[in-house]
Amino acid sequence: MDNNFLVIENISKSFGDNKVLENINLNISKSEFFGLLGSSGSGKTTLLRILGGFEKPDTGRVMLDGTDITNLEPFERPLNYMFQSYALFPHLNVFNNLAFGIKENFTQKEIEINVRNIAELLSIEHLLNRRIKQLSGGEQQRVALGRCLIKKPKLLLLDEPLAALDKKLRSKTQLELTTLQKKLKITFVFVTHDQEEAMSLSDRMAIMKNGLILECSSPEEIYENPKSLYTANFIGIANIIEIYKKGENFYSDDLGINFKLNKELKNTKTNILLRPEKIKIQSINNLKTSSFNSFSGEILEKSYLGSFTRYEIKIKNMIISVLDQNFNSNSNYNFPKGEKVICSWESESIKVLED
Amino acid sequence: MKSSLIKSTVIFLGLFFLYFPILVLIFYSFNENKRVMVWKGFSLRWYNELFNNEQIIEAFIISIKIAALSATFATILGVMIGYSLVRIRKIPFKSFYIFLSSTPLVLPELILGLSMLLFFISLNNVIGFPSSRGQLTIFISHVTFCIAFVAIIIQARLTDFNKNIEEAAMDLGYNYTKVLYKITLPIILPSIIAGWLLAFTISLDDLVVASFTTGPGANTLPIVVFSKVRLGLSPEVNALSAILMFALIIIGLFYFYFNKKFKH
Amino acid sequence: MKNKLFEKYFVFSPYFWLVLFFFIPLAIIFKISISVSEWGMPPYQDIFLFDNGFKINTTFENYVYIFSDYYYIGSFVNSLILALISTFFCLLIGFPLAFYIATSNIRLRNILLVLVVIPFWSSFLLRVYAWKIILQNNGILNVILLNLGITSEPLQLLYNQYAVIMGIVYTYLPLMILPLYGYLNKFDLNLIEASKDLGLNRIKTFFKVILPLSVPGIVAGSLLVFIPVVGEFIIPEMLGGSDRLYYGKILWEEFFVNRNWPGASALAFSGIIILVLPIVIFQILYSHWSQKNEI
């Protein structure tokens, strides 16, 4: 695999006094499906627009397949960009929207064949003569995708590719998009603010905040072993507990319990992450409380979510979220509100956050 | 129920107020009598006289010619301004540019007319041109004050226009010039037509600026009509009104059709 | 940037035209307004004299002259009052109309809007002329009044300031309704219902919710009516009498009848400074502001 298919080097960008991107470095491999995840204002869309050529970076460069494309105009780049709004041409029908990018260099017959092929790939053959206004959101999304793919780009940039679709359609399209990408082997880079979307689409993803990349890894790695407090909170539900060294072990004032870590710490004080599904919840009668890696608390809130039940458990000064899988048909595992329970976890489940 | 009755009444009275004078004018244009106010019977006599009135016909032709030409020039320049203000970042002395392109909208016509006349006279003193005023000078003046109206329509349209559409075209391989001709202009074409229609009507209807900048052989329709009705009534003008109102209202309807922004 | 040559044409072609045919003419008005008047053609002296060395020959006489003569100031004040009254009546008629149009259902709304604005497209001059017919001594209005027995002999309705106000309100009404409608259309009708739900009656709802929210529309519409009315020439000329003189008429006569070019120019330039400049400055500031807040 070519790890340096797309190389982003020291990219910075400001709009006036507002620093939008600060010294961004990223390497993206060929045929990778890469996600940029961040809340609004994190700079993710600006970075994508720099790749598309719509913004010029203040510093740094972008290399695509060994060529420096930093100073190329959008129409000179061998890549395509799918806009969040789809930006379909309202004065052209679907056929002409699809054919738009190849009209100049192809004969009428070649255009015809190419459009048919791409329409078949995306199952929109029946829409070719429609006007854009007559299309549903999902159909527009396909046309926008087809309009880019017909150019056989080396790289496809997608700005919030699913944001304009309703929830039901989104999960279906998610699957189609990954299948399509694996089939075509085109490198996809997309931007999203939706963590679930990022996790389910990406081979690897980067978490962005305030113009910086906090971390970049596979979804599993980012969920299981986040490095920063921000990432831990941003992805999934997180119980964050502040602990400090006390004698041999670590102690949390909020919970009033001791932690045993299987790893040495640099600092005497740190935050740890405990994902809610890693916590085991048991009736207080079944077990004695051990002084390590477990606590007893009272169920404050519970919401039944089908395959899971989510509990909010109060212990001393803190409320801890626990996700309990509903294994059995009987309600052994369903604790009522107000019940005292014991929560415990493996010491490997505790993740130390670096900052 | 009560509030909807008030509502209907207000709307009815409002529309009545707006249309009553126009209907009166059309009604009297069919009056046989030379004394406009005394009804003598239905007749198309004044329409007939109107079509045989060479002065009015000639003025009409001149007006149409000037209006079509100045609307075309004003549209070209107005589109350029609208585009520049929305899409081009680097405009030297931008405040001055905005000043030039928006002041004609608020400047009383009288002042504009006077400034144009004094300008043409001064220009003639300096370079010997234009030696006399006429259709050319009216044309120049009309272009100048119609530009702003077109510019504002185009500016509004382009502000609404999703810039991503232009970027998408660029992304698909079209350079700046091609994007302009294949995407931007075709998409805003209805607004361009609307701008032209507005400029055409303003030029056709203008009396004040034309009165200042006119000269021998350049009596536009409003100038002729004004000279006829300034001190009294004219049955021929009644007939002309009916025709002109009708024609202009049709143009207005076309304007609404093209300027869809209006409808949201 | 490549292929962006057209941008230069787009910026500079209208720039050139407007500097030449708009800015320079304004500058010439200013130049003549500070020139010394004399008998002859043109009826003013050059501001730069070269006979005995270089000399700048300017004067503020013309401004002093018009600002110290009640004939000029008075008519300018008349115009301002006329504009104020007309704007008020346009607002009085225009606001309920705009409000009720904005609260109609969407299909009716578009039809009504077009109906309201269409008269504005028909000839200005002829719409004023129509009032001349209506207000004649033997015109429709007098006939109705006589038949109803309200008056026993025809009233002199034409050729006075009331006829002028009538004509102005009629012709400028659409200019008031459009921006009003624009703002009223934007705001959420639920606000009115919410206000009623919270216990405010209809009148209080109007003063506490509807009116404050339509202030921008009221300002825009009022400016659109007020400014051109101050400079209005045709309507007083056709419907007005000799009871009141207005700015437009004075300017016209100063130029065409008295042939006092510097005086007319001073009048015109004062008009620009007093009327137009505040608005233009506001507009430029506003567009800068809105551009800054765009990103």
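Here the Karplus relation 6.51 cos²θ - 1.76 cosθ + 1.60, evaluated at θ = phi - 60°, turns the backbone of region A:320-325 into coupling constants of 10, 8, 10, 10, 10, 6 Hz, with x for every Gly and Pro.
For region A:142-203, a simple Cβ point-charge model (Lys and Arg +1, Asp and Glu -1, everything else neutral) yields a dipole of about 500 debye relative to the Cα centre. Note on A:Glu176 and A:Ser85: with the Förster distance fixed at 22 Å, the Cβ-Cβ geometry gives a FRET efficiency of about 0.65. The Stokes-Einstein estimate for chain A, based on a Kirkwood radius over Cα pairs and taken at 4 °C with 1.567 mPa s viscosity, is a diffusion coefficient of 56 µm²/s. Every helix of 4 or more DSSP H residues in chain C counts as -39500 (n - 2.57), and over all residues that averages to -21000 deg cm²/dmol at 222 nm.
For the protein assembly as shown, the residue among A:Val191, B:Ser63, C:Phe60 whose Cα projects farthest onto the positive side of the dipole built from Cβ charges is A:Val191. The Rg/Rh ratio of the protein assembly as shown, with Rg taken over Cα atoms and Rh as the Kirkwood radius over Cα pairs, comes to 1.10.
Overall dimensions of chain C, expressed as equivalent-ellipsoid semi-axes from the Cα gyration tensor (√(5λ), whole Å, largest first), are 41, 32, 18.
Eigen-decomposition of the gyration tensor built on the alpha-carbon atoms of region A:107-182 gives equivalent ellipsoid semi-axes of 21, 16, 11 angstrom, largest listed first.
Could you tell me what percent of the DSSP beta bridges with both partners in the protein assembly as shown are antiparallel, to the nearest 5? Within the protein assembly as shown, antiparallel bridges account for around 75 percent of the total. Membrane-span-like helices in chain C (whole DSSP H runs, Cα extent of at least 27 Å along the helix axis, mean Kyte-Doolittle hydropathy of at least 0.0): C:70-102, C:161-186. Placing a label point 7 Å from the Cα of A:Leu265 along the Cα-to-Cβ direction, the residues of region A:208-230 with a backbone N closer than 16 Å are A:227-229.
Under the criterion of Cα pairs below 8 Å and six or more residues apart, the relative contact order for region A:238-353 equals 31 percent.
Quick one: in region C:1-54, what % of C-alpha pairs are over 15 Å apart? Tail of P(r) above 15 Å: 67 percent of Cα pairs.
The ranking of B:Arg230, A:Arg170, A:Arg147 by Cβ neighbour count inside 10 Å, starting from the fewest, reads B:Arg230, A:Arg170, A:Arg147. Pairs from the table (A:Lys56/B:Lys90; A:Lys103/B:Lys178; A:Lys44/A:Lys172; C:Lys31/C:Lys55; A:Lys19/A:Lys266; A:Lys314/A:Lys337) lying more than 22 angstrom apart at Cα are A:Lys44/A:Lys172; A:Lys19/A:Lys266. Taking all C-alpha pairs of region C:34-186, those more than 27 Å from each other amount to 54 percent. Determine Rg/Rh for region C:1-108; Rg is computed over alpha-carbon atoms and Rh is the Kirkwood hydrodynamic estimate from the same atoms. Here the Rg-to-Rh quotient is 1.24. For region B:85-208, the relative contact order is 30 percent, taking Cα pairs closer than 8 Å that sit 6 or more residues apart in sequence and dividing their mean separation by the residue count. Karplus-based coupling profile of region A:63-73, in residue order and whole Hz: 10, 10, 6, x, 10, 7, 10, 3, 9, 7, 6, with θ = phi - 60° in 6.51 cos²θ - 1.76 cosθ + 1.60 and x standing for Gly or Pro. For region A:238-353, what is the convex hull (Cα atoms) projected area averaged across all directions, in square nanometres? For the Cα atoms of region A:238-353, the hull's average projected area reads 7.1 nm². Tell me, what is the percent relative contact order of chain A, built from C-alpha pairs under 8 Å that lie six or more residues apart? About 16 percent, as a whole number. Computed about the Cα centre, the dipole magnitude for chain C is approximately 1100 debye when only Lys and Arg (+1) and Asp and Glu (-1) carry charge, each at its Cβ.
For the pair B:Met37 and B:Ala156, a Förster radius of 41 Å applied to the C-beta separation gives a FRET efficiency near 0.40, rounded to the nearest 0.05.
Between A:Asn4 and C:Arg107, the distance separating the two model label sites (each 7 Å from Cα on the Cα→Cβ line) works out to 6.7 nm.
For chain B, the C-alpha radius of gyration sits at 1.23 times the compact-globule guess of 2.2 N^0.38 Å, with N the residue count.
Values in this text are rule-based calculations from the coordinates and carry no lab data. All figures in this text were calculated on a predicted structure; none of them were measured in a lab. Cβ sites come from the backbone with ideal geometry, for glycine too, and all protein chains shown count toward neighbours.
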